[in-house]
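The values are calculated or read from the model by the stated rules, or taken from the named source; none is laboratory data. Everything numeric here is computed off the predicted structure, so don't read it as measured data. All Cβ positions, glycine included, derive from the backbone under ideal geometry; neighbour counts span all protein chains shown.
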């Protein structure tokens, strides 16, 4: 019998994440073997969140983590990976400065989520507009975990600011039932990728067949999240079961005039043959170079999300009244 | 001047109105009972810096579905900043778009 294996490569960010995911071996879920590149580690927080999520499901005694020799290995200590896996960290003689990051964090309920957002986001000292986007994404995706994943573990979050690219990168991972099983309660689908496509489409939720959702569930969280990344000209990825969708960077020279309700119309890549991930992985980058205001984002989202009410002059149509 | 019931959102939600569980509680315990009594309602967002679509959706979708879109003649949104105002408009328009789909 082999182990469930995951290898931390020298570089894995959303743009080149495919090789990392393709190399993940989920064949023996009772044991976990973590290996790493010997020389250098520079990885997106999603890599750590995935390892942490796998580690949480495995008995501590059945996790093997080879000694990290790469000089940048202290990153794993700083981000709390060893603590999360409950294994002894290597001796670290030198630390980088603290920087702006969110070490691996388990969020199990909405109270913890609210407290986390209240405390953590201001501490990151991000520009106000981007802080709004980041808070929005974290809230919507973590709530999705609580409401749809049936995960016993909750949501695992990890994020970091990368100075060189001036980008805030974050990941939210769960090991629940996955998107296909969740959305199939209302929209039976034949593949994980088809389920991902539906989950990114506004108005579609696994909680009801009714387009537009229920009183508590609009089916808009992932659409908002992808739209934030699109307008911000940043990467977004979602991986569940064998399905994988990655939003590519849009052309910088073209201003955004509208958003697509169908995620497959956006410039993207997709796979439906990746190693099976039990649950859902979401990762988003928010470029702090973007000058797009949150209000612009809402204006564009409003256009597609409301579908453009056909005739606002008709007698039945009501505008919200503001005083 | 607002007459009728005033519901102070910030008092319950804090300055970031995000938690849809709180929105549901406001809806069930204050908004819907007032509307059932045919009272005018002001949803007062003073002090709220930001809101999620989830929060606004959980707050107003059910009343619109239950009482019809005309319920907006009884509800005003007070002291909304630009962001909150836009999210309210998105959700209200969305509900009417949904009606159109069902009509056709």
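Only a single item in (1) more than 9 Å from chain A (Cβ to nearest Cβ); (2) closer than 24 Å to residue A:111 by Cβ is not met by residue B:5, and it is number (2).
There is at least one residue in the range A:153-166 that is more than 14 Å from chain B (Cβ to nearest Cβ), over 30 Å from residue A:293 (Cα atoms) and either touching a residue at least 12 places away in the same chain (Cβ under 8 Å) or not in a loop (DSSP other than H, G, I, E, B) (or both). Taken together, the residues in the range A:200-213 that are more than 8 Å from every other protein chain (Cβ to nearest Cβ) and at pLDDT below 90 amount to 8. For the range A:152-176, what are the residues that are surrounded by fewer than 21 Cβ atoms within 10 Å (Cβ to Cβ) and farther than 28 Å from residue A:287 by Cβ? Those that are surrounded by fewer than 21 Cβ atoms within 10 Å (Cβ to Cβ) and farther than 28 Å from residue A:287 by Cβ: A:152, A:153. Pull up the range A:88-121, narrow it to residues that are at pLDDT below 85 and more than 23 Å from residue A:168 (Cα to Cα), then point me to the one that is surrounded by the most Cβ atoms within 10 Å (Cβ to Cβ). Filtering the range A:88-121 for residues that are at pLDDT below 85 and more than 23 Å from residue A:168 (Cα to Cα), the one surrounded by the most Cβ atoms within 10 Å (Cβ to Cβ) comes out as A:89.
Residues in the range B:8-21 that are farther than 11 Å from residue B:84 by Cα, more than 9 Å from chain A (Cβ to nearest Cβ) and in contact with a helix residue (DSSP H, G or I) (Cβ under 6 Å, 6 or more places away or on another chain): B:12, B:13. Residues that are modelled with pLDDT of 95 or more and buried (at least 17 other Cβ atoms within 10 Å of the Cβ) number at least 3 in the following strands (runs of 3 or more DSSP E) confined to the range A:238-323: A:243-247, A:277-287.
With the requirement that a residue be touching a helix residue (DSSP H, G or I) at 6+ places or on another chain (Cβ under 7 Å) and either farther than 20 Å from residue A:139 by Cβ or at pLDDT 95 or above (or both), what does the range B:40-54 give you?
Within the range B:40-54, B:41, B:43, B:44, B:45, B:46, B:47, B:48 meet the criteria.
Is it true that some residue in the range A:178-193 is out of contact with any strand residue (DSSP E or B) (no Cβ under 6 Å at 6 or more places or on another chain), touching a residue at least 40 places away in the same chain (Cβ under 8 Å) and farther than 30 Å from residue A:105 by Cβ? Scanning the range A:178-193, I find at least one residue that is out of contact with any strand residue (DSSP E or B) (no Cβ under 6 Å at 6 or more places or on another chain), touching a residue at least 40 places away in the same chain (Cβ under 8 Å) and farther than 30 Å from residue A:105 by Cβ, so the answer is yes. Scanning the range A:193-216 for residues that are assigned to a loop (DSSP other than H, G, I, E, B) and over 14 Å from residue A:179 (Cβ atoms) yields A:202, A:203, A:209, A:210, A:211, A:212, A:213, A:214, A:215, A:216.
Only residues that are in contact (Cβ under 8 Å) with a residue 40 or more places away in the chain, outside any helix (DSSP H, G or I) and crowded, with 24+ Cβ neighbours inside 10 Å were counted in the range A:217-233, giving 2. Look through the range B:75-100, keep the residues that are more than 7 Å from chain A (Cβ to nearest Cβ) and touching a residue at least 40 places away in the same chain (Cβ under 8 Å), and return whichever of them is surrounded by the most Cβ atoms within 10 Å (Cβ to Cβ). Across the range B:75-100, the extreme among qualifying residues is B:75.
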